[in-house]
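These notes are about the structure you will find just below.
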Amino acid sequence: MLPGGDLKSATMFTPGKRKRMNLVAILLNVFVPWVVFCVLFALVSFSFHYQHPTWTWVFVVLGYVGVLALAIFTWRTKQRNGDPMWFGFAVLALFVAVTLAALLGDMNFWYNMQPFYDIENLNTYPNVDPSVDRGQQRMDAGRVYFAQDSRVDVSRAMGFKNLDIYCVAPIIKGSSKPDTYDFWAVGTNCCSGTSPDFRCGQYANPRARSGLRLMRDDQRPFFRLAVQQAEAAFKITAAHPLFFYWMQDPVAEMNAYRDEGFKYYLLGIFSFFAVNLFAVTCAVVGFSKVG
């Protein structure tokens with residue numbers, strides 16, 4: 001028992017004096033929210049989300065359940081005249097950790113990792129001849145290497161505008177005129193939309209004759225409308241159009257999705273650690289001065 005005090009005064013702040021800081025509580029508030037953020041960020045960002053989407057969000061909900069349980073414990077501690085300040089800080093830090101992990105992880109998955117996993121799980125087709133092959137034969141194509149002399153037919157390019165301009169141009173071999181134009185190079189905001197021009201992807205690269213499949217479900221209907229406009233304008237048929245980004249090396253482009261996803265993850269975990277460490281430091285200074 002402290003001189004001139006009792007057990008209660010030993011656990012509360014003493015007016016006019018600094019409180020002795022609990023080193024264990026400080027370290028727990030530095031590392032526990034960060035670990036929770038790292039684990040949930042990884043679950044939502046990477047292959048677990050792709051293979052088990054339902055379980056991914058179950059774990060996120062369990063994270064919020066844990067935050068709620070700690071909040072109830074903090075409230076009960078305060079009702080018993082305990083010292084809940086570090087518990088209260090932990091509730092806030094964990095809530096932020098779970099929320100940011102879910103939001104940033106889902107963005108990382110949607111923009112980087114899901115396209116990578118989708119393409120990785122599709123087939124690769126070499127030596128595809130757009131003048132002979134049909135879209136029905138290559139419905140599961142992720143990466144396509146077109147036959148020699150294949151090119152983008154800029155003269156039949158078309159654009160459909162819906163906020164962005166969705167640009168399409170048929171992929172042909174030489175000067176052939178196939179019965180159905182089923183292979184299309186695509187891009188956004190890389191054509192005028194009013195005249196046959198196409199500046200998407202590696203259109204100016206003479207070595208480019210490969211395609212990486214478009215995997216964005218939200219964009220596909222607009223490209224399909226652009227193809228329908230091209231059918232009407234140029235009197236051509238596209239029975240089963242497949243959409244590709246025109247490039248020289250689709251493997252490098254596909255791996256760029258994965259690398260960007262890992263880069264985004266590492267940036268996220270180090271940034272969260274730095275911000276959380278700063279918040280804990282401010283809390284230490286603030287709690288030590290409360291009287």
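Of the peptides 116-123, 55-62, 224-231, 39-46, the ranking by mean beta-carbon count within 10 Å, highest at the top, reads 39-46, 224-231, 116-123, 55-62. Counting 0.36 nm for each residue step from Leu266 to Leu70 and taking away their Cα separation leaves a gain of 67.8 nm.
Site pair Asn205 and Val285 shows an inter-label distance of 5.0 nm when each label is modelled 7 Å from Cα along Cα→Cβ.
Its DSSP H runs of at least 4 residues, each contributing -39,500 (n - 2.57), put the calculated 222 nm mean residue ellipticity of the chain at -17000 deg cm²/dmol, to the nearest 500.
Find how much the distance from Ala252 to Gln137 grows on full extension, using 0.36 nm per residue of separation minus their present alpha carbon separation; answer in nm with one decimal. Working shown, then result.
Values: separation 115, 0.36 × 115 = 41.40 nm, distance 2.50 nm.
Here the answer is 38.9 nm.
Ordering Gly268, Leu40, Ala69 by Cα displacement along the dipole of the chain toward the positive end leaves Ala69 in first place; charges were set at the Cβ atoms of Lys, Arg (+1) and Asp, Glu (-1). When only alpha carbons are used to place a centre, segment 197-213 and segment 29-95 end up 46 Å from one another.
Solvent-accessible surface of the chain, taken per residue with a 1.4 Å probe and all protein chains present: 55 Å². All C-alpha to C-alpha distances of the chain, sorted into 10 Å bins beginning at zero, yield P(r) values of 6, 22, 21, 15, 12, 10, 7, 5, 2, 0 percent in whole numbers. Within the accessible area of the chain, the carbon and sulfur atoms contribute 62%, probe 1.4 Å, all protein chains present. Which FRET efficiency value, to the nearest 0.05, do you get for Val39 and Ala233 by plugging their Cβ-Cβ distance into 1/(1 + (r/R0)^6) with R0 = 51 Å? Efficiency, from the Cβ-Cβ distance: 0.45. Between Lys78 and Phe48, the C-beta separation translates, for a Förster distance of 51 Å, into a calculated FRET efficiency of about 0.85. Remark: the chain carries a charge dipole of roughly 1180 debye about the Cα centre, counting +1 on each Lys and Arg Cβ and -1 on each Asp and Glu Cβ.
Would you mind classifying segment 120-221 by shape? Square roots of the alpha carbon gyration tensor eigenvalues, ordered a ≥ b ≥ c; an a/c under 1.5 is rounded, otherwise it is prolate if a/b is larger than b/c and oblate if not. Note, shape of segment 120-221 comes out oblate. Restricting attention to the chain, the count of lysine pairs at 8 or more positions apart or across chains with alpha carbons under 13 Å apart stands at 4. Here's the picture: charge each Lys and Arg Cβ at +1 and each Asp and Glu Cβ at -1 in segment 209-285, and of Thr281, Gln228, Tyr257 the one pushed furthest to the positive end of that dipole is Gln228.
The local environment of Arg209, defined by Cβ-Cβ distances under 9 Å, has a net charge of +1 under the rule Lys, Arg +1 and Asp, Glu -1. Taken one residue at a time, the phi angles of segment 227-242 give Karplus couplings (6.51, -1.76, 1.60, θ = phi - 60°) of 5, 4, 5, 5, 4, 5, 6, 10, 6, 10, 10, 10, 5, 9, x, 10 Hz. Gly and Pro are set to x.
Once backbone amide H atoms are built at 1.01 Å from N, Lys161 has Tyr166 as its partners under 5 Å, excluding neighbours fewer than 5 places away on the same chain.
The values are calculated or read from the model by the stated rules, or taken from the named source; none is laboratory data. Because the structure is a prediction, the values reported are computed rather than measured. Cβ coordinates were reconstructed from backbone atoms using ideal geometry, including for glycine residues, and neighbour counts include every protein chain displayed. These area figures cover heavy atoms from the full protein model, side chains too; ligands, DNA and RNA do not enter into them. Shrake-Rupley method; radii C 1.70, N 1.55, O 1.52, S 1.80 Å.
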